[in-house]
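A.B. asks: This is the structure, below, for whatever I ask next.
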Amino acid sequence: MKMSPGMKLAALIAGSLAIACVSPFFGLSVISPADIFVPDHPDAEVFWRLRAPRAAAAFLAGSGLALSGMVFQAFFRNPLATPFTLGVSSGASFGASVYFFLGGSFLIRLGGVGPLFASLVGAGLSMFLVWSITRVKGGFSTVIMLLAGVVINFFFSSLVLFVQYLSDSHDSLRIMHWLMGSLAGLETARLADLAFVILAGLVVIRLMAPEIDLLTAGEEIAASRGVRVGLTKLKIFLAASIMVGSVVSLAGPIGFVGLMVPHACRLTLGWSHRVLIPAVFFTGGCFLVLCDLASRIILAPAEIPIGIVTSMLGGPFFLWTLFRSQKTGDLF
């Protein structure tokens with residue numbers, strides 16, 4: 001029997017939540033569910049202090065990156081549009097790199113929210129530059145915005161390398177490790193900040209689902225239906241950029257989640273963003289939870305940075321998307 005989109009969505013959400021709940025039990029050693037409620041049991045300490053918060057962080061980070069990729073792809077009408085190709089991720093990375101470079105010396109003393117604040121400033125700066133370049137060229141052309149994003153991405157990436165070059169050996173190694181993307185050394189107190197940003201972004205994007213559907217159909221059609229295209233794009237870009245900045249501040253620039261997850265959900269569930277938004281949210285979280293689990297067990301007891309795992313999966317997927325787009329004669 002063929003499943004309806006609603007049934008597919010329900011099954012996808014249930015499976016994603018099940019995987020997210022089960023994953024903390026696995027790692028270098030398998031933890032028994034009976035032990036996690038035993039007071040002072042070593043496995044209970046490992047579960048509640050390390051694995052459960054890390055799984056929650058991975059789920060939230062994956063959800064935020066996937067949602068950001070989905071909305072970027074929607075209004076650019078291009079499956080290759082991601083927070084990375086638009087410069088948002090590299091801007092956030094530059095902000096966090098500057099914080100690591102200066103925060104330990106004399107300039108920035110913001111405690112645990114320092115990396116979050118610096119990443120949001122960097123993401124906001126990149127967003128401002130992309131938006132300004134687009135407006136200077138006239139209108140809000142998606143092609144110009146995409147090209148501007150690529151340029152800004154390279155610009156901020158070079159600045160990150162420059163900051164790393166200026167850093168001493170300790171800070172340079174710290175920046176390099178962070179740029180690979182990792183959830184190791186997670187500060188549990190930061191989870192509340194990340195959860196607030198991601199869930200607020202989810203609400204904003206969900207409320208704008210009808211406008212996103214119309215933008216996917218084309219800017220002219222959206223404008224004819226009363227959508228204020230420029231303002232809508234700004235709201236979407238702002239919400240997505242803030243989510244990306246918050247994830248980058250916590251885990252570094254984790255690539256390809258915003259490319260793979262939305263595209264896979266779109267192929268499975270269709271184009272309606274009322275269905276896609278919850279699907280992408282839960283699938284993105286589940287995907288990064290599985291990637292984090294793989295990063296912990298493939299070379300255990302050593303750990304692979306999660307950004308390497310997603311890049312190893314994302315590279316072939318990127319090529320498949322590109323070849324498929326050429327074959328069908330349409331990028332979206």
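A.B. asks: Provide 291, 21 in ascending order of the number of other Cβ atoms located within 10 Å of each residue's Cβ, fewest first.
C.D. replies: 21, 291
A.B. asks: Moving on. Test of understanding: ordering 71, 160, 204 by Cβ neighbours within 10 Å, fewest first, what list do you get?
C.D. replies: 204, 160, 71
A.B. asks: Could you state the per residue volume, in Å³, of the convex hull enclosing the Cα atoms of the stretch 190-332?
C.D. replies: 119
A.B. asks: Residues with amide H under 5 Å of residue 82's amide H, sequence separation 5 or more or different chain, H placed in the peptide plane at 1.01 Å from N; which?
C.D. replies: Amide H neighbours of residue 82, under 5 Å, 5+ apart: none.
A.B. asks: Next question. Counting pairwise Cα distances across the stretch 40-85, what percent come out greater than 13 angstrom?
C.D. replies: 63
A.B. asks: Can you give the Rg and Dmax of the chain based on its C-alpha atoms, in angstrom?
C.D. replies: Over the chain's Cα set, Rg and Dmax evaluate to 19.9, 65 Å.
A.B. asks: By Kyte-Doolittle mean hydropathy of at least -1.0 and Cα axial length of at least 30 Å, which whole DSSP H helices of the chain are selected?
C.D. replies: Within the chain the helices that satisfy the rule are 52-76, 114-136, 142-166, 229-251, 273-297, 306-328.
A.B. asks: Could you work out [θ]222 nm for the chain from helices alone, using -39500 (n - 2.57) per DSSP H run of at least four and dividing by all its residues? Round to the nearest 500 deg cm²/dmol.
C.D. replies: Helix-only estimate at 222 nm: -24500 deg cm²/dmol.
A.B. asks: Which three numbers, in whole Å and largest first, are the semi-axes of the equivalent ellipsoid of the stretch 1-80 derived from its Cα gyration tensor as √(5λ)?
C.D. replies: Semi-axes, largest first: 34, 18, 8 Å.
A.B. asks: I've got another one for you. Per q in 0.14, 0.24 Å⁻¹, report the Debye log10 I(q)/I(0) for the stretch 113-228, using one uniform scatterer on each alpha carbon and no solvent.
C.D. replies: -0.88, -1.34
A.B. asks: When 77, 228 are ordered from fewest to most other Cβ atoms inside 10 Å of their Cβ, what list results?
C.D. replies: Going from sparsest to densest Cβ surroundings: 228, 77.
All of the numbers you see were taken from the coordinates with simple rules; none came from a lab. The shown structure was predicted, so the numbers you read here are calculated from the model rather than taken from an experiment. No Cβ is skipped: glycine too gets one built from the backbone with ideal geometry, and neighbour counts run over all protein chains shown.
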